[in-house]
Structure formats: C-alpha cells, structure tokens
C-alpha cells in the first residue's frame, strides 16, 4: 500500500491510498493498527508528510564512502543522534535556511531512506526486527554544519533540528511493497544536478541491525522514524563546498518510494 497524508477539499487531514498519479482512495486506521481502504475517492489539496513521527532516530556515517569523505573511521557501533519532531516538513514545502546561521552558508543536504516502526520494539533480536517495520519513505536529513560540528558543543542534534530540517515523503510505502529495502537506488539532485547517487546495499549497518541496536532497553514506539544514513556526495566536503541557497530545489529519489522535492527559502525578515 502506498499511503499519503493530505488535506482534502474540506481542509481536513486525511490518509489515503495512492493507486496511481490521479487516483486516491481514503483509508481509515493508523500505523499501529493498520489501514483499511474505504469506498471514498478523494482529491488531495495539499500533500503532507506521510506521518507525524513520535521520535526521530538518525544514524550517522552509515555508508563507508560517506565516512571516508568526512575523514571519520567507521565504528564498532552505529553513530546515533536524534532530530526534533518539529523539524519535519512536507513535500514541496520550503526548507528554510536558519537566520541564526550568521557566519555564511552552512545548510547541507543528505538523502536518506527512512524506516517507520509499526509495532513497538524493545530488546528485539536482529532476526525478528523486520516484523516491527511498517514501511519506508524518502527523507532529507538537512543539516546546518557549523551548528552541527561547533555551535552544538559536539552534539549533532542542535544543527540537525532546525524547523523544516526533516522533509519526509512523498508517500509511506508499506513493508510488503518493498521486498528488499537493502537494494534500492538512492539519489539526490540539487537544481537538476546529481549530487549523491548510491544504493542502500552500501549501508554498513542494515535495517534489522539498527532496529535491534536502538531497541536495547529502549522502546521504539509505533510511528518512530529511523533515518538510516546518507551516502557520499554531501555539500560541505566538496571543493568548493556546496550549500543550499534560497532559490534552490532539492530532490531525493529512492526506488519504489518516489521523489521528495523541496525548494529552499530564506528566513522571513
């Protein structure tokens, strides 16, 4: 099932199954209980992020080429940080460069596969972890690099959690529709130029390993999002560096999941 969250023509938030580019059927239910199709067709007036996460865990340096380009050694355990749930933004809504980034451009892009938990997970084994997955969507782990590396006193969460810094979408594709999430092409385009291009097969820690690791003595609630890391090609390591600027357009494309597109805007004066 390809699920969207949207506003209908009464400006009410609803969930729908997208059957094709033109056909949407309203569904009822939740990530925890599952969704059932109704007989009601609808026409979305605004596409929203496919869920409002209860928590966002993120994994750093989970592609070897990205770890290499940033001059970090891969570790024996995943690098884990969190993003504020208030950083979630919708497809086609703008990424806002933060006004507090006063020392020049620093807003960077990171294409990522997002995993959505559907059944509570605590102390789960690697072997049983995938049973707790509801589905997948595209994500962009937008990052303010100086705030991430310096202004946050070594804690990444500050530079990763500005408003609009976690675009999700365009749809939430259920686990049964993605036979192998570890064999998906992933790509990021900036103004039509490919900046990142890889495959989820290149992840160092696969999805069941991440779920098992994160769930040790920690409950992963239904609606938890896990960002599984970004491949090489991020902006700050390029020569010269490439940062997001007002007027840019960023697209994250993942096989089967679709295209997540966002413009970049300056902050309101």
Q | residue 256/residue 99 FRET efficiency (R0 25 Å; Cβ-Cβ; nearest 0.05) | A | 0.10
Q.
Could you compute how fast the range 1-104 diffuses translationally, taking Rh as the Kirkwood radius over C-alpha pairs and applying Stokes-Einstein at 4 °C with viscosity 1.567 mPa s? Give it in µm² per second.
A. 76 µm²/s
Q. Taking other Cβ within 10 Å of each residue's Cβ, how do 268, 112, 106, 32 sort, fewest first?
A. 268, 32, 106, 112
Q. Relative contact order, percent, of the chain when contacts are C-alpha pairs under 8 Å separated by at least 6 residues?
A. 26 percent
Q: Show me 158-169, 189-200 ranked by packing, highest mean number of other Cβ atoms within 10 Å first.
A: 158-169, 189-200
Q.
With only alpha-carbon atoms in the gyration tensor, what are the semi-axes of the equivalent ellipsoid for the range 83-196, in Å, largest first?
A. 29, 18, 13
Q) What ranking of 11, 90 emerges when the number of other C-beta atoms within 10 Å of each C-beta is taken as an exposure proxy, fewest first? A) 11, 90
Q: Obtain the nm distance between the two label points defined at residue 32 and residue 125 by a simple spin-label model: each point lies 7 Å from its Cα along the Cα-to-C-beta direction.
A: 2.7 nm
**Q.** the range 1-70: relative contact order as a whole-number percent, Cα under 8 Å and 6+ apart
**A.** 29 percent
**Q.** Radius ratio Rg over Rh of the range 1-48, counting only Cα atoms, Kirkwood formula for Rh
**A.** 0.93
Q.
Once R0 is set to 35 Å, what does the formula 1/(1 + (r/R0)^6) return for the Cβ-Cβ distance between residue 245 and residue 180, expressed as a FRET efficiency to the nearest 0.05?
A. 0.45
Q: Per DSSP H run of at least 4 residues, take -39500 (n - 2.57); add these up for the chain, divide by its residues and hand me the 222 nm value, nearest 500 deg cm²/dmol.
A: -1500 deg cm²/dmol
Q: Within the range 138-179, which residues have the backbone N less than 15 Å from the label spot 7 Å out from residue 46 along Cα→beta-carbon, could you tell me?
A: 164
(Q) Two decimals, Cα atoms only, Kirkwood Rh: what is Rg/Rh over the chain? (A) 0.95
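Read the figures in this text as sums done on the coordinates, not as results from a lab. Everything numeric in this text was worked out from a predicted model, so none of it was measured. Cβ coordinates were reconstructed from backbone atoms using ideal geometry, including for glycine residues, and neighbour counts include every protein chain displayed.
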